[in-house]
1. Taking interchain pairs and intrachain pairs at least six residues apart, which have beta carbon atoms under 6 angstrom, with the first residue in the stretch B:464-490 and over 26 Å from B:V321 (Cβ atoms) and the second in a helix (DSSP H, G or I)?
2. Looking at A:D16, A:D11 in this structure, which one is among the acidic types (D, E), out of contact with any Asp or Glu (no Cβ under 6 Å at 6 or more places or on another chain) and either without any contact (Cβ under 8 Å) to a residue 24 or more places away in the chain or facing chain B (nearest Cβ under 10 Å) (or both)?
3. Anything in the stretch B:58-87 that is small (G, A, S) and exposed (fewer than 10 other Cβ atoms within 10 Å of the Cβ)? List them, or say none.
4. If A:N57 satisfies every condition in (1) away from every other protein chain (no Cβ under 14 Å); (2) surrounded by 15 or more Cβ atoms within 10 Å (Cβ to Cβ) but one, which is the exception?
5. Of the conditions (1) surrounded by 14 or more Cβ atoms within 10 Å (Cβ to Cβ); (2) within 14 Å of another protein chain (Cβ to nearest Cβ), A:G46 fails just one. Which one is it?
6. Could you list all residues from the stretch B:241-295 that are β-branched (V, I, T) and in a helix (DSSP H, G or I)?
7. Looking only at the stretch B:273-303, count how many residues are over 20 Å from B:S229 (Cβ atoms), among the basic types (K, R) and out of contact with any His (no Cβ under 8 Å at 6 or more places or on another chain).
8. Can you confirm whether the stretch B:310-320 contains a residue that is surrounded by fewer than 20 Cβ atoms within 10 Å (Cβ to Cβ) and on the phi > 0 side of the Ramachandran plot?
Amino acid sequence: MSEKELGKKWDRCLADGAIKLGTGLGLGIVFSVLFFKRHTWPISLGSGAGLGMAYANCQNNLRSHYMLHRGDKEQ
Amino acid sequence: MLRACLRGANATARKNYRRIPLTSLQQCRHYTAGESSSASKVVVAGLLTVSGGIGGTILYAKWDHKFRAAVEKNVPYSDWLLGLALGPPAQDPGLPIKKRVELAQPPSMIEKQVKKSAKKEGAEGPVKDSSPVPSKPAQSIEEASAEATHIISAISEVPSVPAPCDTEAAAVKEECKECHEHKEATAVHPAPTEPMKERPVEEVAARLAQQEQEEQDISASVSASLEDSLASSAKATLQAIGAQEAALQAIIQHTDKLKEAMEAEVLPEEKSNQWKDLEAALADRTTALNDARAALSKANESLDSLRSVIDKSKGLKISSVRPLVLAAEENLHNMVVDLDKMVMKVQSAESEAKIVSQYSELVNEAKRQFQREVSSLTPEIQANWKGLTGKLSTDDLNALIAHAHRRIDQLNRELAEQKVREKIHVDAALEQQKLEDQKALDNAVNTVLQHVKEEARLEQERKLAELREVMEAEMRTQLRRQAAAHTDHVQDVLKVQEHELKAEAEQVLSSKMLEQETRYRQLTQEQLDNFTLDMNTAYARLKGVEEAIDSHVVAEEEARKAHQLWLSVEALSYSLKTAEADVPTVPLENAAQAVRDSCRDNDFALALAAALPEKSLQRGVYSEASLRARFNSLRSLARRVALIDESRNSLYQYFLSYLQAALLFEKSQEAPPSQLSSEDLDPFKLLSYASYCLEHGDLELAAKLVNQLRGEARRVVQENDGEGARRTRSNGEPEVLT
C-alpha cells in the first residue's frame, strides 16, 4: 500500500536524522574536547553537518521516485 | 512592515545607546555601539542595496523591454510596480503608418483624375459656348462650311450631288447662301445661348428639300417671266424689224421709181402712169415708215420691259437664274443690235431718198422753168410746135435764131450762175452731208460702243458664271472625296464591329448549347438513377422479407441463450454487491464459472468473461464499504502531499504542503459539476467530489475523479485505485455482459 510508503519514508528520515545528528554532535564534542580547546564551534559544526546530511538524505529519499537511476537507464 | 519595525528598532537602539554615557561602558559601548552602529550600518547598507537593486531593475526595464517582460513574468507583482514606475509597456508602432500613407495616395490620385476630367469638361463647355459668339457676320461662310461638314457627316450615304451644270445645283447653293444669310440674322440670338451641335439628319434633309423647293419655285417663276418677256420682246422686235424691212423696201422702191421717173424719157401717158406709181409708192413708203415707227416704238417698249425684268431677276441674286438672265440679256442685245441696224439702214435709205427727191424736185423745177421760158418766148410755137415744119418764114426763122441766140446767152449766163450756185449748193450739200454723216457716224459709234460695252459685260458675266461653276465643281469633288473617305472609314469600323458581334454571339450560342446538353444528360442520368434505385429497393425489400423470416427462428434461439446468460450475470452482480462483513474480499470464481457455462458458444461473452482479472476471481474484489473506508484514510494522506510533484519535491516543499493541508479547509463532500473546469482540478476539490460520489455509490465517477489527481497525491492513491479499477472492471463486466 502506497499510503504506508510515505510513512515509512518519514520514519526512515527521522531515524536517519537522529542518528546523524547524534553522531555529528558526538564527534563534534569529541573533537572540541580533544583538539579545539572546548570551543563551541566544532560542536555546532558537527551537529550542523549531521543535520545537513540527514536533510539531504531525507530529501533524496523522498525524491527517489521521480529521479531516474542509472540502473533504469540501462534497462 | 518588517523593515519599518527594524528601522524603528534601530532608531530606538541608536537613541538608547546615545543616552548611555560613553565612559562607563566603554567596552560594552564600543561593543554594543559598534554592534549597533555596525548593525545600523548593515541595515542601512542592506536597504541601500535593495533600493539600488530595485531602481536599477526599473531603469534597465525601462531601457530593455525584453528584460521587463522577463521580470514581469518571473517576479509576481513586478508588473504592477513597473507599470506604476514606467507606465504601460510601449506597443510596436509597425506598419499602419505606411498603410495610411498608401491609402492617402490613391484618394489623392483619384481626386486628381476627377479634377482633370472636370477641368476638361469645364474647358469644353466654355469653348463650346465661346465658339458661336465670335465673328457673327463672318459666321455665314463658317457656318455654311461647318454645316456642310455636319451634313456630310450626318448623312450616311453622300448622294451624288446633281452634277449637271444645271440651274438646280447652282440654285441649291445660291439658296443655301441666301438661307444662311437669312438664318444669320435669326441665329445671332440663339447662338450665344446654345452651343453648336450637329443637326439631325432628318432636319437637314428637310431643310435641303425645302430650300430646293423654294429655289425651284423662284427659278421657275423667274424663268417663266423671262421667257414671257423674251418672247414678247422677240415678237415685237421681229415685227419691228419686219416693218423696218418693209419700210426700207418701200423707200428703195420709191427712190428707184423716182429715179426712173426722172431719168427715163418716156411717153407722156406712161409718164403719168409713172407719176401715179410714184405717188402710190410714196404713199406706201409713208405708211410703211409709220408702221415701222410704230413697230419700233413697240419693240422698244417690250425691250425696256425685258430689261426691267432682267434687272429684277438679277436683283434676286439666284444663280440658277443667271444663265437665263445672261441668255435673255444676250437676246436682248442681239435684238437691239438688229433693230439698230435696221433703223440705220432705214435712215440711210431715207437720206438717200431725200437726196433723190431733192434732186428730182430740182429737176422738176428746172424743167418747169424751162418750159415757162420756152412758153414765154414762143407762146405760139408751143401750141403747135410739132406741126410747124412747112410754114416757117425767114422772119420767123430769124426771130427764132435771135431768140435762140438770146436763149443761148441767157442759158450760158444761167449756166455760169448755175455753176456757181451749183458749187455753193454742192458745198452746202457737202457740208450738210458731212454733218449728217458725222451725226450718223456718232450715232453709229455710240450704238456700236454701247453694243461693244454690252457685249463685254455679257462676256464678263459669262466668264464669271463659268468660273463659279468650275469652283463649285471643284468644291463638290473635294466634298465627295471627304465623303468617300468617311464612308470607307465607317465601312471599316462596321466590319470590325460586325466581327466582334459575331464572335460574341457565337460564344453565347456555344455556351447555351453546352448548357442545354449538360442539362439533358443530367436529366437522363437522373432518370436512370431513379429507375435503378427503385429496382434496388424492391429487390432489397424482397431480400429483407426473406431474411426476416429466416432470422426469426435464429432470434428465438438467441433470445433463449441471452436469457440464460443474463440470469448468470445477475447472479454475478449480486454476489459483487453483497459483501460479507468479515471478509473484505469476495471471490467471484463460482459466479464467473456459471457465466462461462452459460455463454459457451458466444465468443464475445467468453472473451469478456475471461477478461475478469485473475486476482478478482481468486481473491475477490473488495466490497464497497471497505473501499470507502480506505478512501477516507487516503484522503487525508493525499491532502498532505497535495503540493508535491516532479518539480517540487524538496523537504521545504513537503513542509509547505503539510502547512497547506493544515491550514486549508474544504467541503468534505461536494457535488461534482457535469463538466470539470480547470479550477476543479485542484486536489482538494477533486477529493471532495470523489467523497461525494463515493457516498452516493457512484464508484466509477469517484475513480475517474481520483484519477485526475496529479503528482505525489496520485502516486499515493494509485495502489488503492488499482483495487478500485479492478472493482470497477468487475462491476462493469456484468453490465456489459447484460
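1. Partner pairs satisfying both residue conditions: B:A483/B:I152.
2. Within the list A:D16, A:D11, the selection yields A:D11.
3. The one that is small (G, A, S) and exposed (fewer than 10 other Cβ atoms within 10 Å of the Cβ): B:G87.
4. (1)
5. (2)
6. Filtering the stretch B:241-295 down to residues β-branched (V, I, T) leaves B:241, B:251-252, B:255, B:266, B:286-287.
B:I241, B:I251, B:I252, B:T255, B:T286, B:T287, listed by residue number.
7. Final tally of qualifying residues: 2.
8. yes
The values are calculated or read from the model by the stated rules, or taken from the named source; none is laboratory data. Given the structure is predicted, the values throughout are model-derived calculations rather than measurements. FYI the Cβ positions are ideal-geometry reconstructions off the backbone, even for glycines, and counts take in every protein chain you see.
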